[in-house]
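Since the structure comes first, as structure tokens, the remarks are kept for the end.
Values in this text are rule-based calculations from the coordinates and carry no lab data. Keep in mind it's a predicted model, so treat the numbers as computed, not measured. For neighbour counting, all protein chains shown are included, and Cβ atoms are generated from backbone atoms with ideal geometry for every residue, glycine included.
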Amino acid sequence: MDARTEAEIMKNWPTDCSRPVASIVCLTFNHREYIGQAIDGFLRQQTDFPFEIIVNDDASTDGTRDILQDYQRRYPRLIRLILQKENQYSQGKPYGMPVFQQARGDYIAYCEGDDYWNDPRKLQLQVDFLENNRDYALTFHASYAFNSKGIVNPQRFGGQDHYDRSETELKKALPLSTLTACFRNVLRELPPELETAALMDIVWWSLLGAHGKGKFMEEIRPAAYRVHEGGIFSMRASQKRLQMDLHTQYCLANYYYRLGERDLHVFFLRQVLSLSLSSIPPTQKVKALLRAVSNITLNIGRRFAPKRVTY
């Protein structure tokens, strides 16, 4: 647990602020072994503005809630808990957005309860940038994935997403490290087409594209993304992850169709097609290709075959 007191954390904050400038949103479920490290990363943030920490516990059964309540007792002015009576994720209810609606800050920084931040300047740097650059809706930075044996899958977090995003690139939901994101508090509700999307974070990035650009901040130390069996996405079978991605891309295609944004509608339809092809085993792809070639050959043959003349 972090040794800093509330008074030490708040010592550089203005005394006349009636609400926080930033809201740290944390979603957690059965993270008893990890949640303390996540909250300590929040409490280490060194800012000259007030922030709040909102933790949504999705009906944990492993003692996570006891740890959360202990932190809240020690940091009552900083930590707000949302304690679900029934697990919302298992019922297919949207996660994130209902908690965003509780955030009082102008900016939201997101991190799940099994991940953690390493840089105490993170929040200050991201909020300062957004304050001074009104044409940006989102900031993010580097991260690394790890498990009990060390860093894993470095190519996924090794820099291919380390670049700024235009509004269109955000709308296309190109990947970025979710636990590093800090964005304007403008996401108040989900469009009906996106309520059932399986990968809600890429939905957020797409919606934020309507409000500005995305900034990659190289100066912030990488955050830690934990890969473990209790992770919502990281430890799912590859086929299940593919299905979740495919469904989300389909939802986005429907959303942009309704808006009349044809280029984005077509982009997400292509994503759906690509992912659908990826889900087909190689042997079936070969059979489908041979069948298609056979059909094309047959049709060409029929078109150019000499017509029979009858008398």
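Observations, loosely collected:
- Residue count for segment 32-56, restricted to those that are touching a residue at least 12 places away in the same chain (Cβ under 8 Å) and outside any helix (DSSP H, G or I): 15
- Against the test of being farther than 28 Å from residue 260 by Cβ, under 16 Å from the mean Cα position of the chain (by Cα) and crowded, with 20+ Cβ neighbours inside 10 Å, the options 223, 197 yield a single qualifying residue, 223.
- Failed item, numbered, when residue 193 is tested on (1) assigned to a helix (DSSP H, G or I); (2) within 28 Å of residue 49 (Cβ to Cβ): (2)
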